[in-house]
1. Sorting check: for 359-368, 88-97, 229-238, which peptide has the highest mean count of neighbouring beta carbons within 10 Å, and how do the rest follow?
2. Whole angstrom only: what separates the Cα centroid of region 171-200 from the Cα centroid of region 673-730?
3. If you wrap region 416-566's Cα atoms in a convex hull and average its projection over all directions, what's the area in nm²?
4. According to a simple spin-label model (label point 7 Å from Cα along Cα-to-Cβ), what is the distance in nm between residue 543 and residue 221?
5. Please give the per residue accessible area of region 407-497, computed with a probe of 1.4 Å over protein heavy atoms only, in Å².
6. Quote the relative contact order of region 649-774 in percent (integer), defining contacts as alpha-carbon pairs under 8 Å separated by 6+ residues.
7. Compute the projected area of the convex hull of the Cα atoms of region 225-273, averaged over all viewing directions, and report it in nm² to one decimal place.
8. With every protein chain left in place and a probe of 1.4 Å, what is the accessible surface of residue 255, to the nearest 10 Å²?
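The values are calculated or read from the model by the stated rules, or taken from the named source; none is laboratory data. Note that this is a predicted model, so its numbers are computed, not measured. Methodologically, a virtual Cβ is constructed for each residue, glycine included, from the backbone with ideal geometry; neighbour enumeration extends over all protein chains shown. Areas reflect the complete protein model, heavy atoms only, side chains present, ligands, DNA and RNA absent. Shrake-Rupley method; radii C 1.70, N 1.55, O 1.52, S 1.80 Å.
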Amino acid sequence: METSGVLGADPPRFGSAEAEQLARTRFGVDGHATPLVSERDQNFLLATDAGHGWVLKISNAAEDPAVVEMEVAAVARVAALEPDLPVPVALPADDGRTVISARSPAGTEHVARLLPAFGGAHLAPRDLDAPDIRSLGTMVARLARALRGFFHPAAGRVIEWDLQHLPRLAEHADAVRDPARRALLDEVLARYRDRVLPALPRLRAQVIHNDVTLDNLLFADGAVSGILDFGDMAHTALVFDIPATLQSLLRDRTDLFEVTGAFVEGYATVTPLESEEAELLGDLLAARMAQTILISAWRMPRWPENDYITGWAEPAWTLLDQLREVGFALAGQRIASLALTPGAAEPPPEAELIARRRVLGNALSPLTYRHPLHLVRGRGAWMYDAAGRAYLDAYNNVPVVGHAHPRVVEAIARQASLLNTNTRYLHSSVVELGERIVASMPPGLDTVTFVNSGSEANDLAWRLATTVTGARGGIVSEWAYHGVTAAIADLSPSEWPRGERPDGVATIPAPDPFRGVYRDLPDPARRAQAAMADAVAQLAAGDRRPAAVFLDAFFTSDGIFAPSADLLAGLIGEARSAGALWVADEVQSGHGRGGDGLWGFATWGELPDIVTLGKPMGNGHPIAAVVTRGEIMDRFAAETEFFSTFGGNPVACAAALAVLDVIRDEGLVARAASVGARLRDGLRELAGRHPAIGDVRGRGLLVGVELVVEGTDRQPDAALARWVRDEMRERGVLIGSTGRAGNVLKIRPPLCIGPDEADLVLETLGQVLRARRS
Ligand SMILES: Cc1ncc(COP(=O)(O)O)c(C=O)c1O
């Protein structure tokens, strides 16, 4: 970087007498001048007899007068919009201007202005407690909010203290001779290059103060009495204000996360951070330290006696050391959590939350994992707990396009800020969503009804099937789960109280190639036919005919199976010949999970009568649907009408449309296929080394790993599955378990998971299985 410009030029050299004269002749202020410290300008405190204090600020000769005009205008704007922020509004001179020209004894021209001198004292970081820090956060945000629409051509100038220009300072890194320090600095610069630079164009940008430090703040009676020095203002990323102040607050303190948490909490009460800003904050703080170090390295040889320039470098190294000790990535995640979940600085202890959870009653499913998780946010395939620890989510299918996907979040927020109503009013999004779902289905499935959960979708499917067939029997797989309503809980053997089969429900065996009727069979289709005929006969014994057979394409709850089209054709053909409708439950298997089109049933080559959708449909926002043929719905409509208050509401539809868009635009179906294949390949390799892995199966990004007791004939090892699941969680990777015996590891991540993340799942599972042997 060139050493010209304001930071490269000598400060002005006026004497106190000249300063006094200037104040008297141009501003009519009679006072006694005392020089104040300044990095690049010359400031004089003018004490008047009337007890008023003023500061005569004479700018560096290299300072562009337009910049000074910008400062004066910005301060005037803040004073107008936030009158109780104590900012220094310039006093007009004899000609009415607030910025005047002054000639130094050496003959150089400078711009000068007279600002009020605020009473109060500077405080040190240690003087501030959490509420003080929180209110400083609020103040910095208010200051920036007041400048939100502010424009001045001079704001586009390049200044070294603007973090967006950090790469220009990198050439001064050679001045850092200590190899360990140099490596640390290089790491920070590399993280800035890799993480911050590409994101910069997306960050909110405006003119910011950029230097609200304790050096520029005065305090009186426990509150800020003066905000000084708008000289580092720049049009840059809004969030850069935060590291600038934090640097100052963290000097000589070790409670990095407490201070940061309190500050961002206060800031967020005025301006909540966007997630990308929050996620970069740790790196921005480190970058601000690097910037300080580099500016100091550059300027020290020229002004070795200027403490202001050199005094910040050591504290900057100290803070970088603190961040490095935690790990830049981890520290960044923790800071992001603090910024995005205000109050998370002091989350309620987990034990307390667990105890208070009693209010939710005993019927609620238990918490997952030996050490339950208290998760507070997510992004992509990652979730973060209250302490900021990251977990790779290889389990949740609901956030199908990734946690908190910005397009889905934005779609929900936009529609929620407009209107949320119901399907008794015209709205285009519900119609568009219906059309897009129909377009994604095979011809014939042309009618869509929206509800709010997979259970409701299946419940409506059951009502359609019983109405159309006049029959009252249901057939499901032996450990199926289809939902919670009374009718559907009956059709969910995994939920049957004490395993008792309700009247009118028959089961077929799961298509397990290693057990039961499908074991070692040459002709699975015939076996399937026989199994279904058996189920129909069971119903007939209770005087029922089958109204519907419900099947999850991948038999998730039964232990994850992806049977052949032949086998399925056998099942469905037999059920249909007994008069049953086929309900393809796509609540788990839909929305691209199978890696082969959007819908799992499509690979079977048969056309379902009814398809139910749910879980991933809104990426976490509740929405579900029933898709069927028009004539089936017409038969139902002849008997009754259907209305669900929330079903198909505009906000839910906006979410579902955004999900379909993202799946398409990000190529997530193809990704499910390729990353799923990579996972299964890796798992099969692991199976070669660990006989406890009895089988690896599934489709796309639904992967089952069956664990068996070594040396037995595939005896299920549910205890091992539980242990592996818990150990994976301890190591930061979340998976689940499924199957009748609970011995099948369920790996079912958001479809945005990448190959590196899949490798992390494999590596962690390998470590866990090795740890078990040692
Ligand atoms: C296959 C299947 N169908 C239906 C449901 C019920 O969905 P919901 O919990 O949204 O009611 C589930 C839930 O796990 C499911 O896995």
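1. 229-238, 88-97, 359-368
2. 42 Å
3. 11.7 nm²
4. According to this spin-label approximation, the distance is 8.7 nm.
5. For region 407-497, the per-residue accessible area is 46 Å².
6. Computed value for region 649-774: 23 percent relative contact order.
7. For the Cα atoms of region 225-273, the hull's average projected area reads 4.4 nm².
8. 40 Å²
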